[in-house]
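The structure under discussion appears below in the form of structure tokens.
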Amino acid sequence: MFEKILIANRGEIAVRILRACKDLGIQTVSVYSTADKNAMHVKMADESVCIGPPQSKESYLNIPSIIAACEVSGAEAVHPGYGFLSENASFVEKLRAHNIHFIGPKADHIKTMGDKILAKKTAEKFGLPVIPGSNGEVKDYEDAKSIAKSIGYPIIIKASAGGGGRGMVVVYNEKELEDSIKKAKTEADKSFDNDTVYIEKYLKNPKHIEIQIIGDNSGNMIHLGERDCSMQRRNQKLLEETPSKIIDQKTRDYIGNLTVEALKKIKYSGAGTVEYLYENNEFYFMEMNTRLQVEHPVTEEITKFDLVKEQIKVAYNSKLSKDQNEINFNGHSIECRVNAEDPVSFMPSPGKIINFHAPGGPGVRVDSGCYSGITIPPYYDSMIAKLIIYGEDRNTCIARLERALGEFVVEGIKTTIPFYQEILKEEKFLNGDYDIHWVENYMENKK
Ligand code: ADP
């Protein structure tokens, strides 16, 4: 096994990875920006290296600094977490040139899946159902007009290099099309330095259902079922659960196996998630994330399968520790992303946490890098904790979630905890009867 791993991330995910390393008896190296010198991931690691000033570009995205930190500390492998450099193929190649392992897939797979147009083409080629739309890039208005006509409005224009719920424009009729194409291209260029866009049919009431997979370097691969991530605001996930109320075992087997068969054809290794929209009993491939996802713990809770440990093992060339028929799904799990934001306006609320008390007791897991006295810097993502609940069934899980939210104390900054307490009372949530547009409609109706 690796003796020393460097964790190229911060916050709760750095802490999560540190815990997996410690469970495996691996030495750990944390990296941090000057804004994070008192962060939990720095305190927990065996060694830590400062990699630059607060701005991500100069620290957590600074490849030369991170490679230097590996060399100084003697780390043999890097776990990138999610975000930052986790889907950066050139980072993987540079690590390899320095004889450092990347805990994740091969650079080529990151490149293929990181380009959404190429990813969609690859998915289609290997047998996955895709959303009707343009067959690749849409160059201009005329091009867009004929595609929109053939698939019908509404349509969604997406940036091929997009991510994080950004770079998408919904168009309801031809009158809006010309301006929307221009807007989408300008935004894509500004945000992702690449103005390539494509078009898809905009689905009206889909659920976001994603499939977790993991493969090793010997050609073995398993799926760990689905996560329902339909609770979203501005295309960003808020709450995730598994199993999904609308997926039965037969459907799970079908889409899980289909996903695995497709990815085996490209010899994918490492953990990954294939995201689908699901409407009228049909799945439509949306994209693949070639990394660990924020919401991975709900899968861990109902399968008792440690995804982070397994990522480390397969990166070390070990074979997967379980076969598909050894994966069992028991009970229900829900995760709430607790953000340092106003619970009504969702405006960021960084600052000093005066008092932090995490809930506990049966079925309650909190993944966080927070403690009383820590200052949440304004430079990074606003998620400060994940509250992950397990229950024997969905109702038990929801009752526990309500209890845990009530026990959760975060003083000094605003958080989204009250938002979840409110959602929990809604019948649509209680019935599991919500789609990707539900939160926005709910907030609109509240005004
Ligand atoms: P990102 O990589 O930015 O997360 P995705 O392609 O995963 O982008 O899409 C994010 C979210 O946007 C989806 O979960 C869904 O809510 C919405 N979305 C994307 N494509 C469509 C579509 N064709 N129809 C309806 N909603 C969509």
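The values are calculated or read from the model by the stated rules, or taken from the named source; none is laboratory data. Please read these numbers as outputs of a predicted model, since none were measured by experiment. Every residue, glycine among them, receives a Cβ derived from its backbone with ideal geometry; neighbour counts consider all protein chains shown. Heads up: the accessible areas ignore ligands, DNA and RNA and are worked out on the full protein's heavy atoms, side chains in. Shrake-Rupley method; radii C 1.70, N 1.55, O 1.52, S 1.80 Å.
Here region 291-379 is treated with +1 on each Lys and Arg Cβ and -1 on each Asp and Glu Cβ, and its dipole about the Cα centre works out to around 260 debye. Applying both filters, DSSP loop and at most 16 other Cβ atoms within 10 Å, to the trypsin sites (Lys or Arg not before Pro) of region 196-269 gives LYS204, ARG234, LYS245, LYS267.
With a 1.4 Å probe rolled over the protein heavy atoms of all chains, the accessible area of ASP393, ASP228 falls in the order ASP393, ASP228, largest first.
Backbone N atoms of region 201-232 closer than 11 Å to the 7 Å Cα→Cβ label point of PHE329 belong to residues 210-212, 224-228. Using the rule -39500 (n - 2.57) for each DSSP H run of four or more residues, divided by the residues of the chain, the 222 nm mean residue ellipticity is -10000 deg cm²/dmol.
Contact order, relative form, for the chain: 15 percent (alpha carbon pairs under 8 Å, 6 or more residues apart, mean separation divided by residue count).
Remark: region 26-155 carries a charge dipole of roughly 360 debye about the Cα centre, counting +1 on each Lys and Arg Cβ and -1 on each Asp and Glu Cβ. Counting only heavy atoms of the protein chains and using a 1.4 Å probe, THR303 has close to 10 Å² of accessible surface. Among MET443, ILE374, ILE423, pick out the residue whose Cα is farthest towards the positive end of the charge dipole of region 371-447, where Lys and Arg carry +1 and Asp and Glu carry -1 on C-beta, about the Cα centre. Looking along the dipole axis, the top candidate is ILE374.
Projecting the Cα atoms of GLY81, ILE181, THR34 onto the dipole axis of the chain, where Lys and Arg carry +1 and Asp and Glu carry -1 at the beta carbon, places THR34 farthest toward the positive end. Hey, how many Å between the Cα centroid of region 392-418 and the Cα centroid of region 302-375? Their Cα centres are 14 Å away from one another. Across all Cα atoms of the chain, the radius of gyration (one decimal) and Dmax (whole number) stand at 21.4, 61 Å. Ranking GLN324, SER269, ALA159 by how far each Cα lies toward the positive end of the dipole of the chain (charges on Cβ) leaves SER269 at the top. Can you bin region 132-201 into rounded, prolate or oblate? Criterion: square roots of the alpha carbon gyration tensor eigenvalues sorted a ≥ b ≥ c, rounded for a/c under 1.5, prolate for a/b above b/c, oblate for the rest. Prolate, because a/c is 1.5 or more and a/b exceeds b/c.
Placing +1 on each Lys and Arg Cβ and -1 on each Asp and Glu Cβ, with no other charges, gives the chain a dipole about its Cα centre of roughly 380 debye.
The modelled label-to-label distance between GLU137 and ASP23, using points 7 Å beyond Cα along the C-beta direction, is 4.4 nm.
Taking Rh as the Kirkwood radius computed over C-alpha pairs, what is the Stokes-Einstein D of region 4-103 at 37 °C in a medium of viscosity 0.692 mPa s, expressed in µm² per second?
D = 253 µm²/s.
For region 64-158, trypsin sites (Lys or Arg not before Pro) meeting the loop criterion (DSSP other than H, G, I, E, B) and having at most 16 other Cβ atoms within 10 Å: LYS139.
Give the separation of the Cα centroids, region 1-36 to region 207-283, in Å. Between the Cα centres of region 1-36 and region 207-283 lies a distance of 27 Å. Accessible area per residue was computed with a 1.4 Å probe on protein heavy atoms; PHE192 scores about 40 Å².
For region 314-447, just say rounded, prolate or oblate: build the C-alpha gyration tensor, square-root its eigenvalues into a ≥ b ≥ c, call rounded for a/c under 1.5, and beyond that prolate if a/b exceeds b/c, oblate if not. The shape class here is oblate. Rg and Dmax of region 109-152, based on Cα coordinates, read 11.9, 33 Å. The HN-Hα couplings worked out from phi for region 367-381 by the Karplus form 6.51 cos²θ - 1.76 cosθ + 1.60 (θ = phi - 60°) are 9, 7, x, 9, 7, 4, x, 6, 9, 7, x, x, 7, 10, 3 Hz, whole numbers, x standing for Gly and Pro.
Take every Cα pair under 8 Å whose residues are at least 6 apart in sequence, average their separation, divide by the length of region 127-254, and the relative contact order is 22 percent.
Multiplying the residue separation of PHE126 and ARG234 by 0.36 nm and removing their Cα-Cα distance gives an extension gain of 35.8 nm. Applying the criteria of a DSSP loop state and at most 14 other Cβ atoms within 10 Å to the chymotrypsin sites (Phe, Trp or Tyr not before Pro) of region 107-182 yields TYR172. In this structure HIS437 has an accessible area near 30 Å², from a 1.4 Å probe over the protein heavy atoms.
Accessible area per residue of the chain at 1.4 Å probe, in Å²?
On a per-residue basis, the chain sits at 42 Å².
How much of the accessible area of the chain, probe 1.4 Å, is carbon plus sulfur, in whole percent? Carbon and sulfur: 47 percent of the exposed surface of the chain.
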